[in-house]
Amino acid sequence: MTTQKIAPGSTRPSLRQQLGARKPIEAFIADAGSGTGGPKLRRSLGLLHLTMISVGATLGTGIFVVLSSAVPLAGPAVWISFAIAGLAALFAALSYAEMAGAVPVSGSSYTYTYATMGEGLAWICGWCLVLEYAVSVAAIAVGAGEYINEMANTIGLDLPAALTNPPGTDGGVFNIPALAIVLFATVLLVRGTKESAVVNTVLVLIKIAVLIFFIVIAFSAFTSSNFDPLLPMGTAGVSAAAARLFFSYIGFDAASTAGEEAKNPQRDLPRAIILSMIIITTLYILVAITAIGARQWMWFDGKEAALVQLLEEVTGQSWVALVFAIGAVLAIVSIVITVLYGQTRILVAMSRDGMVPKVFGKISARNGAPVAGTWITGGVVAVVAGLVPLGQLADATSIGTLFAFSLVSLAVIYLRRSSPELPRTFKVPLYPVTPILAIIFCVYLMLNLGVITWVVFGIWILVGAALYLGYGRRHSVLASAGVTTRR
């Protein structure tokens, strides 16, 4: 590989040169090791913590929040939609596992893209990650508000709709529960990585137990006739539901954002990503099958907290629904914690490169966490969670995530060709078929999203391009060093 410099007398590379500039992997590792002259992120996370970060960031979103909106699209075949979305996510997860072992630093797909496809696509990828992480946190917190309402109802309380729903939804003005959950997660993350990882591990184990609890009770009311006909909405409905349910798998890549805080990143990051996918997909499919077995698919239409209501109907006991609702809220809290964690670590990586203001990369000497960036990110996300309805958030998040996943699979192919000697602790099986299939699946699911979602995504990209031209291009560390390309 070679690195080219700006010609003598030039002050800035051309836009074309800068968009194609690639940052060497060695430079990413050096930045992480030096802490860019200040305090560094602390290595305190083992395999269990990393696995629970990915599981915590993922498990529960589709089951607790999005399931009831996907069942009307696919009917009883919703479990097949979960399997399709899970297969697409698995192919992408294998690519993430290889890249995480080869490039063990913060930044996830933003970093991988910068090292392989240049600054322009890296910025777009990072901008999509802002959509994926920050907006999905808000969407998940919105869903938590529904379960808090269910908790209140089971003990005879009627919370005011104006304070528990976003504007334009059932008389809502501001979603206070969603705001409170995001602020709680922000406070926890500010205290330190190890502390928040321990809390997250406990919460993840609780939500796994809650989902197993649901499976057992729902299975007691299982009726096989609920699956006839299996495809009332046809294969198109299954595909549409799979595209929506891909939102349920967002977060498995969260462990890859912890590259600089893992004790043994090359060994543990790939393992954590693969283990988390096995746990998540298995539980999703089991819950979907038992839920449809317990109630006909039409029953789910319009029910925001469907699983709680299903348990209450099956058992006739309000305490069962209360226990599940509490577990659902705790599950969603763990998602908010881990996804918000991933967002702040990506912003750390982007700030080192000059893509976002330096405040996001400032690490506290006291606890080794990006305190200022966490407060800023958490505050913005909390306001969004209080004001924006769930449905608009979920689909917009999915398309940005699918785009980022496609770039990671392309990065695997690029590095295999350009740097075959690069040490890799994990390699995707059946290369190059696996990363190519990951790209195909991601594009397929993107095409199954609605026109409005594509319009929102297009606007998001245009806003990101304007921000890059107005800030990122002028503050790029790589450009200021005179690097124009790397072959």
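The values are calculated or read from the model by the stated rules, or taken from the named source; none is laboratory data. Everything numeric in this text was worked out from a predicted model, so none of it was measured. Positions of Cβ are backbone-derived with ideal geometry, glycine not excepted, and every protein chain shown enters the neighbour counts.
Some observations on this one:
- Test: residue in region 181-197 that is within 19 Å of LEU387 (Cβ to Cβ) and in contact with a Pro (Cβ under 8 Å, 6 or more places away or on another chain): no
- Among residues of region 460-487 that are closer than 25 Å to ALA134 by Cβ, those with a Cβ under 6 angstrom from a residue that is of a type in the set (A, V, I, L, M, F, W, C) and modelled with pLDDT of 85 or more, sequence gap 6+ or separate chain, pair up as GLY464/TRP127; TYR468/TRP123; GLY472/TRP123; GLY472/MET355; LEU478/ALA21.
- Scanning region 363-381 for residues that are at pLDDT below 90, over 19 Å from SER44 (Cβ atoms) and surrounded by fewer than 23 Cβ atoms within 10 Å (Cβ to Cβ) yields a single hit, VAL380.
- Check on GLY293, more than 18 Å from ILE250 (Cα to Cα), among the small types (Gly, Ala, Ser) and modelled with pLDDT of 90 or more: yes
- Test set (1) touching a Cys at 6+ places or on another chain (Cβ under 8 Å); (2) outside any helix (DSSP H, G or I) - PHE405 fails condition number: (2)
- ILE84 surrounded by fewer than 24 Cβ atoms within 10 Å (Cβ to Cβ) and either within 22 Å of LEU269 (Cβ to Cβ) or under 19 Å from the mean Cα position of the chain (by Cα) (or both): yes
- The residue of region 214-239 that is surrounded by the fewest Cβ atoms within 10 Å (Cβ to Cβ), among those that are aliphatic (A, V, I, L, M) and within 18 Å of GLU312 (Cβ to Cβ), is VAL216.
- Whichever residue in region 277-313 is over 23 Å from the mean Cα position of the chain (by Cα) and surrounded by fewer than 18 Cβ atoms within 10 Å (Cβ to Cβ) and, among such residues, is farthest from ALA93 (Cα to Cα): GLU313
- Residue that is nearest to GLY386 (Cα to Cα), among those in region 156-180 that are surrounded by 19 or more Cβ atoms within 10 Å (Cβ to Cβ) and not hydrophobic (A, V, I, L, M, F, W, C): ASN175
- Residues within region 73-109 that are among the β-branched types (Val, Ile, Thr) and either touching a Leu at 6+ places or on another chain (Cβ under 6 Å) or at pLDDT 90 or above (or both), tallied: 2
- Residue in region 390-402 that is surrounded by fewer than 18 Cβ atoms within 10 Å (Cβ to Cβ) and modelled with pLDDT under 85 present: yes
- Figure legend. Inter-residue proximity from region 229-248: first residues within 15 Å of TYR444 (Cβ to Cβ), second residues among the aromatic types (Phe, Trp, Tyr) and part of a helix (DSSP H, G or I), beta-carbon distance below 6 Å, spacing 6+ or different chains. Indicated pairs: LEU245/PHE82.
- Residue count for region 314-330 under the criterion of being modelled with pLDDT under 80 and buried (at least 20 other Cβ atoms within 10 Å of the Cβ): the result is 4.
Here is a yes/no grid of residues against (1) closer than 17 Å to ILE217 by Cβ; (2) at pLDDT 85 or above:
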{"position": "PHE246", "(1), (2)": "no, no"}
{"position": "GLY251", "(1), (2)": "no, no"}
{"position": "GLU260", "(1), (2)": "no, no"}
{"position": "LEU283", "(1), (2)": "yes, yes"}
{"position": "MET298", "(1), (2)": "no, yes"}
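- Within region 110-161, restricting attention to residues that are closer than 30 Å to LEU19 by Cα and among the charged types (D, E, K, R), the residue that is modelled with the highest pLDDT is GLU119.
- Residue within region 353-361 that is of a type in the set (A, V, I, L, M), in a helix (DSSP H, G or I) and under 27 Å from LEU50 (Cα atoms) present: yes
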